[in-house]
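See structure below.
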Amino acid sequence: MAKKYRPNVAAIILSSHYPKKCEFFLGERSDVRGAWQFPQGGIDEGENPQEALFRELLEEIGTDEVEILAQYPQWINYDFPEDVRTKMQPFDGQTQRYFLLRLKPNAKINLQTAHPEFVSYQFVEIAEVFKRVKSFKRDVYSKVLNYFKTQGYL
C-alpha cells in the first residue's frame, strides 16, 4: 500500500541580524521537552503553501513579520518514527515545502499563542541546529540547508 504524506510547510527563520550574522530560530516543542525544530505545520484545504506558512507562523510564534528570501524548489517527504506515526494517523509522514525567511527587525516573537507549540526558542548557529534536532529530521534539514548554502544564502 502506498504511503500517505501530510502536506506541510516549514520555516527556516534567520534572525533580523542576517546577513551580518547567520542565526537560525529553533523552538523547543511543548509536547516533547528537549525536542527542537523549525516551525512547521499542515496546509489546510484550499490554502497554498505561502498562505499556510504565514498562518502557521502566527499560530506557532505569534508573528508573521518575516520576509521570504527563498524556497526549496521541491517537496520533501519524510516518514514519522513509529511513536509519532500512531499519533498522526492516517499519515505515514509529511511532504514539506521549506521556506528560508528573515525575521523583520521590529518583529516580536510571542510563544504564548492560543495553542502553544513551543515552550522556548533560541537563535543558534548552524552546528547547534544539528545538535538539537531529533535524528529523524536531520537528513531533511541537512539537505535543505545545504541547498540554501549552495545558492549563496548561508
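Going by what's in this entry, would residue 34 be described as more than 11 Å from the chain's Cα centre (by Cα), small (Gly, Ala, Ser) and not in a helix (DSSP H, G or I)?
In short, yes.
Give me the pairs, please: first residue somewhere in segment 30-44 and surrounded by 12 or more Cβ atoms within 10 Å (Cβ to Cβ), second residue anywhere and part of a loop (DSSP other than H, G, I, E, B), beta-carbon distance under 7 Å, and either six or more positions apart or on two chains.
30/116; 30/117; 35/134
Could you tell me which of the residues 123, 80, 99, 91 is farther than 13 Å from residue 8 by Cβ and either touching a Lys or Arg at 6+ places or on another chain (Cβ under 6 Å) or hydrophobic (A, V, I, L, M, F, W, C) (or both)? Give the derivation first.
Working: 80 fails: farther than 13 Å from residue 8 by Cβ; 99 fails: farther than 13 Å from residue 8 by Cβ; 91 fails: farther than 13 Å from residue 8 by Cβ.
Of 123, 80, 99, 91, the one residue that is farther than 13 Å from residue 8 by Cβ and either touching a Lys or Arg at 6+ places or on another chain (Cβ under 6 Å) or hydrophobic (A, V, I, L, M, F, W, C) (or both) is 123.
Exactly one condition in (1) surrounded by fewer than 12 Cβ atoms within 10 Å (Cβ to Cβ); (2) of a type in the set (D, E, K, R); (3) within 26 Å of residue 22 (Cα to Cα) is not met by residue 87; state its number.
(3)
Residues that are touching a helix residue (DSSP H, G or I) at 6+ places or on another chain (Cβ under 6 Å) and farther than 16 Å from residue 140 by Cβ: does segment 47-62 have at least one?
Let us first name the residues in segment 47-62 that are touching a helix residue (DSSP H, G or I) at 6+ places or on another chain (Cβ under 6 Å), namely none.
Checked segment 47-62: no residue is touching a helix residue (DSSP H, G or I) at 6+ places or on another chain (Cβ under 6 Å) and farther than 16 Å from residue 140 by Cβ.
Out of the residues in segment 102-133 that are aliphatic (A, V, I, L, M) and outside any strand (DSSP E or B), state the one that is most open to solvent (accessible area, probe 1.4 Å).
My answer is 114.
Is segment 139-148 home to any residue that is out of contact with any strand residue (DSSP E or B) (no Cβ under 6 Å at 6 or more places or on another chain), in a loop (DSSP other than H, G, I, E, B) and over 25 Å from residue 55 (Cβ atoms)?
No: segment 139-148 contains no residue that is out of contact with any strand residue (DSSP E or B) (no Cβ under 6 Å at 6 or more places or on another chain), in a loop (DSSP other than H, G, I, E, B) and over 25 Å from residue 55 (Cβ atoms).
I need a count of the residues in segment 74-84 that are open to solvent by less than 80 Å² (accessible area, probe 1.4 Å) and assigned to a strand (DSSP E or B).
3
Residue 26 - would you say it is within 22 Å of residue 146 (Cα to Cα) and part of a strand (DSSP E or B)?
The answer is yes for residue 26.
Take the residues in segment 45-66 that are among the polar types (S, T, N, Q) and assigned to a loop (DSSP other than H, G, I, E, B); name whichever of them is least open to solvent (accessible area, probe 1.4 Å). Step through it out loud before you land on a result.
We begin by selecting, within segment 45-66, every residue among the polar types (S, T, N, Q); these are 48, 50, 63.
So of that shortlist, the ones also assigned to a loop (DSSP other than H, G, I, E, B) come out as 48, 63.
On the way: 48: 69, 63: 8 Å².
Looking at the filtered set, the residue picked out is 63.
Would segment 94-101 turn up any residue that is assigned to a loop (DSSP other than H, G, I, E, B) and either open to solvent by 40 Å² or more (accessible area, probe 1.4 Å) or modelled with pLDDT of 95 or more (or both)?
no
Please go through segment 134-148 and give me each residue that is crowded, with 17+ Cβ neighbours inside 10 Å and either modelled with pLDDT of 95 or more or in contact with a Phe, Trp or Tyr (Cβ under 6 Å, 6 or more places away or on another chain) (or both), ordered by number. Outline the logic, then answer.
Quick first cut of segment 134-148, residues crowded, with 17+ Cβ neighbours inside 10 Å only: 137, 140-141, 144-145, 147-148.
Of everything in segment 134-148, those that are crowded, with 17+ Cβ neighbours inside 10 Å and either modelled with pLDDT of 95 or more or in contact with a Phe, Trp or Tyr (Cβ under 6 Å, 6 or more places away or on another chain) (or both) turn out to be 140, 141, 144, 145, 147, 148.
The values are calculated or read from the model by the stated rules, or taken from the named source; none is laboratory data. Quantities reported herein were computed from a predicted structural model and do not represent experimental measurements. Virtual Cβ from ideal backbone geometry, glycine too; neighbours counted across all protein chains shown. Please note that ligands, DNA and RNA were not included when accessible areas were found on the heavy atoms of the full protein model with its side chains. Shrake-Rupley method; radii C 1.70, N 1.55, O 1.52, S 1.80 Å.
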